[in-house]
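Student: Got a structure for you, questions after.
The values are calculated or read from the model by the stated rules, or taken from the named source; none is laboratory data. Predicted, not measured: the structure shown is a model, and the values here were computed from it. Methodologically, a virtual Cβ is constructed for each residue, glycine included, from the backbone with ideal geometry; neighbour enumeration extends over all protein chains shown. Quick note on the areas: whole protein, heavy atoms, side chains included, nothing else; ligands and nucleic acids left out. Shrake-Rupley method; radii C 1.70, N 1.55, O 1.52, S 1.80 Å.
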Amino acid sequence: MKIAIAADHAGRELKSYVIDFLTLTNHQVLDYGVAADSSASVDYPDYADIVASEVSSGRCDRGILICGTGIGMCITANKFPSVRAAVVNDEFTARMSRAHNDSNIMCLGSRIVNYQRAIDFVKIWLATECEEGRHRSRISKVSAIEKRLSQ
């Protein structure tokens, strides 16, 4: 799977940890975030913009965004067509964001989850397929709303 990843200054260390895991599990990773050795403050929308663009365009299958809470990254990413970003804080939200919402960007809060739990969430999120039926129908309705509002 081709995965775009980025983080702001708050998420830079967790991003490096997640990249190591993704690389070990044979995913193609495109790192668009702050370097692990940089402590300079940056603006999360700049990094969410890059990853969401990659996912929205189809150049990447999925994306992972990391900031202090995951919320700012999620808000920004969801401005892009065809992006379904979700903040993931536990195993349940990791699973349900995929199973019921077919999320294609996972947002993590480095000040909320520890590194090992974050990896557990990534594993679940990558392994979970979207459930068809009523969930696919609901996702289609969200896409229709998005299309209507973009005209």
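Student: Which three semi-axes in whole Å describe the equivalent ellipsoid of region 77-151, each the square root of 5 times a Cα gyration tensor eigenvalue, listed largest first?
Tutor: Ellipsoid semi-axes (Å, largest first): 25, 15, 7.
Student: Compute a Gaussian network model of the chain, connecting alpha carbons closer than 10 Å, and tell me which residue from Leu22, Leu14, Leu108 fluctuates the most.
Tutor: Among Leu22, Leu14, Leu108, the largest GNM mean-square fluctuation belongs to Leu22.
Student: Still on this model: If you scale each eigenvalue of the Cα gyration tensor by 5 and take the root, what three semi-axes come out for region 10-151, rounded to whole angstrom and sorted largest first?
Tutor: Here the semi-axes work out to 24, 18, 13 Å.
Student: Can you list the cysteines of the chain that have no other Cys Cβ under 4.7 Å away?
Tutor: Cys60, Cys67, Cys130
Student: How many nm is it between the label spots at Lys123 and Thr23, if each spot is 7 Å from the Cα in line with the beta carbon?
Tutor: Each label point lies 7 Å from its Cα, and together they span 2.0 nm.
Student: Enter the accessible area per residue of the chain (Å², integer; probe 1.4 Å; all protein chains in place).
Tutor: 50
Student: For region 8-61, which trypsin sites (Lys or Arg not before Pro) are both in a DSSP coil and crowded by at most 15 other Cβ atoms within 10 Å?
Tutor: Arg59
Student: Of the listed peptides 87-93, 124-130, what is their order by residue-averaged count of other C-beta atoms within 10 Å, with the highest listed first?
Tutor: Final packing ranking: 87-93, 124-130.
Student: May I pose another question? Taking the square root of 5 times each eigenvalue of the Cα gyration tensor, what semi-axes in Å does the equivalent ellipsoid of region 50-102 have, largest first?
Tutor: Taking √(5λ) for each eigenvalue gives 18, 14, 9 Å, largest first.
Student: In a shell of Cβ-Cβ distance under 11 Å around Ala94, excluding Ala94 itself, what net charge do Lys and Arg (+1) and Asp and Glu (-1) give?
Tutor: Once all neighbours under 11 Å are counted, the net charge is +1.
Student: Which lysines, if any, have their Cα less than 21 Å from the Cα of Lys141, not counting same-chain residues under 8 positions apart?
Tutor: Excluding near neighbours in sequence, the set is Lys79.
Student: Next question, about the same structure. Which distance in Å, rounded to a whole number, links the C-alpha centroids of region 68-108 and region 5-44?
Tutor: Here the answer is 17 Å between Cα centres.
Student: Suppose each label sits 7 Å from its Cα in the direction of the beta carbon; what would the Tyr115-Arg148 distance come out to in nanometres?
Tutor: Those two pseudo-labels are separated by 4.7 nm.
Student: While we're here: How long is the gain from Lys2 to Leu30 if the chain were fully straight, where each residue apart is worth 0.36 nm and the alpha carbon distance is subtracted?
Tutor: Answer, rounded to one decimal: 9.3 nm.
Student: Separate question: Take every Cα pair under 8 Å in the chain that's 6+ residues apart, average their separations, divide by the length, and report that relative contact order as a whole percent.
Tutor: 22
Student: Give me the accessible area of His100, 1.4 Å probe, in Å² rounded to the nearest 10.
Tutor: Its accessible surface works out to 60 Å², give or take rounding.
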